[in-house]
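A.B. asks: Below: one structure in structure tokens.
The values are calculated or read from the model by the stated rules, or taken from the named source; none is laboratory data. Since this is a predicted model, take the numbers as computed values, not measurements. Reconstructed Cβ throughout: ideal geometry from the backbone, glycine too, with neighbour counts over all protein chains shown.
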Amino acid sequence: MRPSVTMPPAQRAAESAGEPQSVRSDPTPVGRAADPTRGRDAATPSPTIVRPERGWRLPDFREVWRYRELLAFLALRDIKIRYKQTLLGAAWAVLQPLLTMVIFSIFFGRLAKIPSDGVPYPVFAYTALLPWQLFAYSLTQASNSLVANERLVTKIYFPRLLIPLAAIVSSLVDFGIAFVVLLGMLALYGIVPGWGLLALPLLVLFAMTTSLAISLWLSALNVQYRDVRYVIPFLTQLWLFATPVAYPSSLLPESWRLVYALNPMAGVVEGFRWALLGTSSSAGPMILVSAAAVAVLLVAGLFYFRGAERHFADVV
């Protein structure tokens, strides 16, 4: 692996602003103070060579926290790029789940007569589409994020975990906009959420964690094998119909629901319906099983991502 070099802040700022930098050859070893007689200020910090650690390790979360400002910057940049030079702008965040809800209501609600646990089918479907769109969009963006940020990965050092994290955090904007439409639909149909609404922030975090757990695998694999990007849309399409978005999990025999909950998004979707609509009495056990599945995927994904991280700059 090519070692990453952390430049002094002043130099990084100057390069970002486009100022030319003079290149000076200096045989002084890295980490040793330069001789003042050789024309360099002894107080000037020398570049630091960052080398990968050996063995399987979890990411250094303290280091990730130190770079939290960079995480916010990357997320804000992704949001600006998403809506830059678009005709409808943030309206796309509403149109995608809304049009999907209309199609589901026609084909599954009216023609196929799929039950909706006593709730009007449009609200039933839209409530499930919100966490699904959050998961699917953030999964797609995070899985392609390392390849899309090739220049950052190869030029400067920072925790690579920030890149997929920023893609997932930025997807919260779309979710928030679409959630306002859901509140209007609940008021239109006279549905008042119960105390389960207090669990909604945890369920949103659950959906984001699920996306992170899967995208850690896919983003690292995408660096090595570029055909992963073609698998992701196909994977999300299959996953949509394997998740109770257009239908309730109550259609399955009760003995199979916990096995079905090994699909992490099954617990997320049923949790949203329980929190907002008061449906799905079996949401609690399903959420617990889905949470256990996500925990295993996340820990294994963190180990795999950290192990593959040392080769990102070489192959991206």
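A.B. asks: Checking the structure you have, find out if any residue of the stretch 75-94 is charged (D, E, K, R), at positive phi and surrounded by 14 or more Cβ atoms within 10 Å (Cβ to Cβ).
C.D. replies: Looking through the stretch 75-94, none of the residues is charged (D, E, K, R), at positive phi and surrounded by 14 or more Cβ atoms within 10 Å (Cβ to Cβ).
A.B. asks: I've got another one for you. Can you say whether Glu53 is surrounded by 10 or more Cβ atoms within 10 Å (Cβ to Cβ), assigned to a helix (DSSP H, G or I) and modelled with pLDDT under 70, as far as the supplied structure shows?
C.D. replies: no
A.B. asks: Right, here's the next one. In the stretch 175-205, how many residues are in contact with a Phe, Trp or Tyr (Cβ under 8 Å, 6 or more places away or on another chain) and at pLDDT below 90?
C.D. replies: Qualifying residue count for the region: 1.
A.B. asks: Further question on the same structure: For the stretch 237-256, how many residues meet the condition of being closer than 19 Å to Gly109 by Cβ and assigned to a helix (DSSP H, G or I)?
C.D. replies: Number of matching residues: 5.
A.B. asks: Report yes if Ser215 is within 24 Å of Phe179 (Cα to Cα) and modelled with pLDDT under 90, otherwise no.
C.D. replies: Here the answer is no, as Ser215 does not meet what is asked.
A.B. asks: Still on this structure, I have one more. Restricting to the stretch 253-265, and then to whatever is of a type in the set (A, V, I, L, M) and surrounded by 24 or more Cβ atoms within 10 Å (Cβ to Cβ), can you tell me which residue is farthest from Leu203 (Cα to Cα)?
C.D. replies: Ala261
A.B. asks: So which residues in the stretch 257-266 are part of a helix (DSSP H, G or I), more than 26 Å from Asn144 (Cβ to Cβ) and in contact (Cβ under 8 Å) with a residue 24 or more places away in the chain, if there are any at all?
C.D. replies: Passing the criteria: Arg257, Leu258, Tyr260.
A.B. asks: While we're on this one: Mind checking whether some residue in the stretch 297-316 is hydrophobic (A, V, I, L, M, F, W, C), more than 22 Å from Leu134 (Cβ to Cβ) and in contact with a strand residue (DSSP E or B) (Cβ under 7 Å, 6 or more places away or on another chain)?
C.D. replies: Checked against the condition, which is being hydrophobic (A, V, I, L, M, F, W, C), more than 22 Å from Leu134 (Cβ to Cβ) and in contact with a strand residue (DSSP E or B) (Cβ under 7 Å, 6 or more places away or on another chain), the stretch 297-316 yields at least one hit.
A.B. asks: Same structure again: So the check is Cβ under 8 Å with 6+ separation or different chains; which pairs have a first residue in the stretch 170-198 that's closer than 22 Å to Val102 by Cβ and charged (D, E, K, R) and a second one that's assigned to a helix (DSSP H, G or I) and at pLDDT 90 or above?
C.D. replies: Short answer, once both residue conditions are applied: Asp174/Gln133; Asp174/Leu134; Asp174/Tyr137.
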